[in-house]
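The values are calculated or read from the model by the stated rules, or taken from the named source; none is laboratory data. Values in this document were obtained by computation on a predicted structure and should not be read as measured data. A quick note on method: Cβ atoms are made from the backbone with ideal geometry, for glycine too, and the neighbour counts reach across all protein chains shown. Calculation scope for accessible area: heavy atoms of the full protein, side chains included, ligands and nucleic acids excluded. Shrake-Rupley method; radii C 1.70, N 1.55, O 1.52, S 1.80 Å.
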Amino acid sequence: HSLWQRRFNSDREIIGKQIVLTGQAFTVVAVMRPDFEDFLAANFYEPADAWAPLGYDAAQPWACRTCQHLKAVARIKPEFSIEQARTEMNGISAQLQREHPHDYPTPTARVNGLQDLFLVSIRPALYLLMGAVGLVLLIACGNVANLTLTRATQRSREIAIRAALGAGRWRIMRQLLAESFALALLGAIAGWLLAAWGTELLVALSPAKMLRLQPVTMDARMLGFTAGISVLTAFLFGLAPSLHAARQDVHSLLRQGGRGWQSKGERRLRSLLVVGEITLALVLLTGAGLLVRSFSRLLDVAPGFEPKRLLTMSVPAAGANYATEDQVRAFFREVERRMEALPGVEAAGVVSNLPLGGNMDKSGLHIEEKPLPNPALAPSAERYGISPGYLRAMGIPVLQGRGFTEQDSSDALRVALINRTAARRIWGEEEPLGKRIRLGGPDDPLLTIVGIVGDVNHYGLDTPPDLQAYVPSAQWTDSYMQLVVRTAGDPQALTGAVRDEMRAIDKDVPVYDIASMQQRVSSSVAQRRFTLVLLIAFSALALLLAAIGIYGVISFSVTQRTQEIGIRMALGANRMDVVRLVAGQGLPLIVAGVAIGLAGSFAAARLMESLLFGVSATDTVTFSLVAVLLIAVGVVACLLPARRATKVDPMMALRDE
């Protein structure tokens with residue numbers, strides 16, 4: 001639909017017309033719906049714009065049983081479960097394995113639900129964020145309860161007068177609960193308005209492929225859920241203070257002063273609420289701190305190549321002009337030569353699978369001098385076809401031996417490079433240079449190892465390098481390659497020149513998925529960054545709410561003890577004495593909350609170990625810094641009302657009482 005709009009101006013007569021893709025004519029038979037999204041193409045940076053019949057033919061050069069380059073999708077009948085489908089597919093796989101034992105070493109099939117397929121990597125992050133939302137809600141509820149208790153205490157004389165004039169307990173409770181519901185409704189409306197703006201911001205900040213967030217909007221279910229939460233919160237945290245206020249002794253309340261009186265039980269409850277808020281805030285802050293440390297360690301990982309000043313793009317040699325391997329090889333040789341000749345280009349090369357590109361090509365690694373009784377037990381190695389200029393363009397070091405040259409042609413000695421991990425894991429202290437390996441099955445050729453290169457993080461900065469093998473693109477031809485161009489300056493500035501050069505070589509060859517390598521590195525950690533930003537935001541909100549809770553308790557205490565403070569100052573107490581008196585009430589609550597929070601954080605951190613990288617779930621530095629931060633914020637929240645208490649005029653305080 002988007003292609004129809006932007007390239008064909010929404011032409012209503014497009015059906016039946018022909019378009020040319022990669023030199024081949026196709027007849028348009030339909031325009032897809034605007035909301036159609038190809039979920040199975042989610043690994044690509046750019047969404048698909050056109051679909052053609054697969055036309056799979058086993059005689060085609062790219063067709064093979066062991067390639068695993070196709071994805072199957074099926075809709076299960078309502079009366080069957082995914083487990084039944086998995087069982088049936090395993091039976092089919094077992095039959096295929098019996099018919100083709102050479103191609104299928106294990107008789108199993110992987111059957112996944114579409115939702116599970118996309119949520120498997122982000123489910124821990126979703127649980128973490130849902131937990132953070134719940135903790136923030138609990139902290140907010142604690143503040144609401146404290147506020148309601150304070151208001152009930154301050155209005156105790158008013159409530160006593162209402163009771164003396166004939167208002168029953170149920171009527172008083174109804175009034176207080178109605179006020180709680182009114183506040184909850186106003187808060188919910190403000191929250192909905194904020195959420196309408198926040199949802200757009202959330203989608204804008206989210207990684208392109210995380211959660212498929214593009215269609216996320218506020219709907220009736222979300223509004224109903226939040227409305228229910230608001231009503232439930234108002235009822236639960238307004239009920240207890242209402243019950244307490246309705247049960248007060250009228251005669252005792254009328255004998256008290258205008259400030260209201262707070263029992264030991266009320267003071268204890270308020271203190272417990274503050275301790276609980278500090279505990280929950282510490283748990284959230286610890287989680288955010290661990291993720292910050294983890295993300296910092298992740299960014300420090302050396303990926304095995306130099307991403308700066310590197311432009312990348314996909315360049316497939318497809319179409320009638322590239323029907324033979326010789327034509328494909330000649331095309332990519334010309335591409336590499338023309339790119340290296342461009343002004344501002346330091347090096348260029350092509351590769352079958354780009355690091356952090358989301359694709360893989362694994363083959364069994366067989367060592368000539370170490371044959372296995374069962375070839376199916378051979379370890380898998382990542383296989384990459386590269387041109388002679390690729391290693392220099394990427395900045396991948398050759399540690400031993402040599403890299404590929406133009407002499408490693410299709411009719412020369414079959415050669416290969418292996419990474420340092422493969423050399424150490426397979427040969428240990430032995431010299432691997434000159435040894436021969438086979439990638440794939442017994443019919444594949446033996447390759448002589450001519451060099452050892454550095455390890456590369458191909459699947460992610462948090463995924464350690466595995467066995468990796470490189471073969472010359474002239475000896476292992478792939479029509480779909482990625483071009484890398486090392487520039488002297490900003491790589492994006494050369495995009496136009498590279499496109500023009502590609503058109504000069506062959507105007508029908510598409511050039512797509514253009515991005516700098518730094519953008520790809522950033523995209524590979526986008527999900528972690530997104531989770532971290534949200535958790536930091538929730539943690540900051542939790543810290544603010546906890547500080548407000550501490551401030552509210554101490555401030556109310558100052559108000560309750562104004563006469564006492566005035567008497568103390570009249571009898572000679574100085575300002576520091578008053579500060580110690582007031583702050584001394586809050587510091588024990590802070591210390592207790594931090595102590596309990598540290599214990600809870602140790603337990604919670606264990607649940608988020610899968611999201612950490614390079615940092616222990618019991619990282620002492622993180623726990624210490626978070627505890628110090630929360631204590632510092634708590635002390636400031638105590639000192640503000642304490643400072644106000646030092647300004648009490650003894651004569652005014654005594655006259656008011």
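Quick check: anything in region 320-330 more than 16 Å from Ala347 (Cβ to Cβ), in contact with a strand residue (DSSP E or B) (Cβ under 8 Å, 6 or more places away or on another chain) and touching a residue at least 40 places away in the same chain (Cβ under 8 Å)?
Yes; the residues of region 320-330 include at least one that is more than 16 Å from Ala347 (Cβ to Cβ), in contact with a strand residue (DSSP E or B) (Cβ under 8 Å, 6 or more places away or on another chain) and touching a residue at least 40 places away in the same chain (Cβ under 8 Å).
Kindly indicate whether any position in region 629-637 is closer than 30 Å to Val525 by Cα and in a helix (DSSP H, G or I).
Yes, region 629-637 has at least one match.
Quick test of your reading of the structure: Ser252 fulfils all but one of (1) exposed (fewer than 15 other Cβ atoms within 10 Å of the Cβ); (2) at pLDDT below 90; (3) not in a helix (DSSP H, G or I). Name the failing condition by number.
(3)
Would you tally the residues in region 319-341 being assigned to a loop (DSSP other than H, G, I, E, B) and open to solvent by less than 20 Å² (accessible area, probe 1.4 Å)?
So the answer is 0.
For residues that are of a type in the set (Val, Ile, Thr) and surrounded by 17 or more Cβ atoms within 10 Å (Cβ to Cβ), scanning just region 390-415, find the one that is farthest from Leu439 (Cα to Cα).
Ile396
Which one of the conditions (1) surrounded by fewer than 20 Cβ atoms within 10 Å (Cβ to Cβ); (2) over 30 Å from Ala320 (Cα atoms) does Thr487 fail to meet, given that it meets all the rest?
Going through (1) surrounded by fewer than 20 Cβ atoms within 10 Å (Cβ to Cβ); (2) over 30 Å from Ala320 (Cα atoms) one by one, Thr487 breaks only (1).
Being surrounded by 24 or more Cβ atoms within 10 Å (Cβ to Cβ), of a type in the set (Gly, Ala, Ser) and within 32 Å of the chain's Cα centre (by Cα) narrows it down to one residue among Gly289, Gly304; which is it?
Gly289
Tally the residues that are out of contact with any Pro (no Cβ under 8 Å at 6 or more places or on another chain) and within 22 Å of Gln468 (Cα to Cα), restricting the search to region 301-312.
5
I'd like the full set of residues that are outside any loop (DSSP other than H, G, I, E, B) and either open to solvent by 100 Å² or more (accessible area, probe 1.4 Å) or more than 30 Å from Leu117 (Cα to Cα) (or both), limited to region 15-39.
Gln18, Ile19, Val20, Leu21, Gln24, Ala25, Phe26, Thr27
When region 83-115 is examined, which residues are found to be of a type in the set (D, E, K, R) and surrounded by 11 or more Cβ atoms within 10 Å (Cβ to Cβ)?
Arg86, Glu88, Asp103
Do we find a residue being over 27 Å from the mean Cα position of the chain (by Cα), modelled with pLDDT under 90 and open to solvent by 40 Å² or more (accessible area, probe 1.4 Å) anywhere in region 493-502?
No; the residues of region 493-502 include none that is over 27 Å from the mean Cα position of the chain (by Cα), modelled with pLDDT under 90 and open to solvent by 40 Å² or more (accessible area, probe 1.4 Å).
If Ala603 satisfies all but one of (1) without any contact (Cβ under 8 Å) to a residue 12 or more places away in the chain; (2) aliphatic (A, V, I, L, M); (3) outside any helix (DSSP H, G or I), what's the number of the condition it fails?
Answer for Ala603: the failing condition is (3).
Among the residues of region 50-68, how many are open to solvent by 60 Å² or more (accessible area, probe 1.4 Å), modelled with pLDDT of 70 or more and within 31 Å of the chain's Cα centre (by Cα)?
Residues flagged as open to solvent by 60 Å² or more (accessible area, probe 1.4 Å), modelled with pLDDT of 70 or more and within 31 Å of the chain's Cα centre (by Cα) within region 50-68 amount to 1.
If you scan region 612-622, which residues turn out to be surrounded by 20 or more Cβ atoms within 10 Å (Cβ to Cβ) and part of a helix (DSSP H, G or I)?
Scanning region 612-622 gives a single hit, Thr622.
For region 519-549, what are the residues that are of a type in the set (S, T, N, Q) and more than 18 Å from Gly614 (Cα to Cα)?
Passing the criteria: Gln519, Ser522, Ser523, Ser539.
Would you check if Ile367 is farther than 30 Å from Gln519 by Cβ, more than 37 Å from the chain's Cα centre (by Cα) and hydrophobic (A, V, I, L, M, F, W, C)?
yes
Residue-by-condition table, conditions (1) farther than 26 Å from Pro432 by Cα; (2) out of contact with any helix residue (DSSP H, G or I) (no Cβ under 7 Å at 6 or more places or on another chain); (3) not in a strand (DSSP E or B):
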site: Pro343; (1), (2), (3): yes, yes, yes
site: Ala347; (1), (2), (3): yes, no, no
site: Pro355; (1), (2), (3): no, yes, yes
site: Ser363; (1), (2), (3): no, yes, no
site: Leu372; (1), (2), (3): no, yes, yes
site: Gly385; (1), (2), (3): no, yes, no
site: Pro388; (1), (2), (3): no, yes, yes
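Can you pull out every residue in region 534-574 that is among the β-branched types (Val, Ile, Thr) and within 19 Å of Thr150 (Cα to Cα)?
Ile548, Ile550, Val553, Ile554, Val558, Thr559, Thr562
Out of the residues in region 371-389 meeting the condition of being open to solvent by 20 Å² or more (accessible area, probe 1.4 Å) and without any contact (Cβ under 8 Å) to a residue 40 or more places away in the chain, tell me which one is farthest from His102 (Cα to Cα).
Among those residues, the one meeting the criterion is Pro371.
Scanning region 515-546 for residues that are in contact (Cβ under 8 Å) with a residue 12 or more places away in the chain, closer than 30 Å to Val498 by Cβ and more than 9 Å from the chain's Cα centre (by Cα), which turns out most open to solvent (accessible area, probe 1.4 Å)?
This residue is Gln518.
Please identify the pairs in which a residue from region 286-299 that is charged (D, E, K, R) has its Cβ atom under 9 Å from the Cβ atom of a residue that is open to solvent by less than 10 Å² (accessible area, probe 1.4 Å) and modelled with pLDDT of 90 or more, counting only partners at least 6 apart or on another chain.
Taking only residues 6 or more apart or on different chains, the pairs are Arg293/Thr622.
So, of the residues in region 636-657 that are open to solvent by 80 Å² or more (accessible area, probe 1.4 Å) and more than 56 Å from the chain's Cα centre (by Cα), which turns out to be modelled with the lowest pLDDT?
Among those residues, the one meeting the criterion is Glu657.
Just give me the residues in region 548-580 being hydrophobic (A, V, I, L, M, F, W, C) and either open to solvent by 20 Å² or more (accessible area, probe 1.4 Å) or assigned to a loop (DSSP other than H, G, I, E, B) (or both), in sequence order.
Ile548, Ile567, Met569, Ala570, Leu571, Ala573, Met576, Val579
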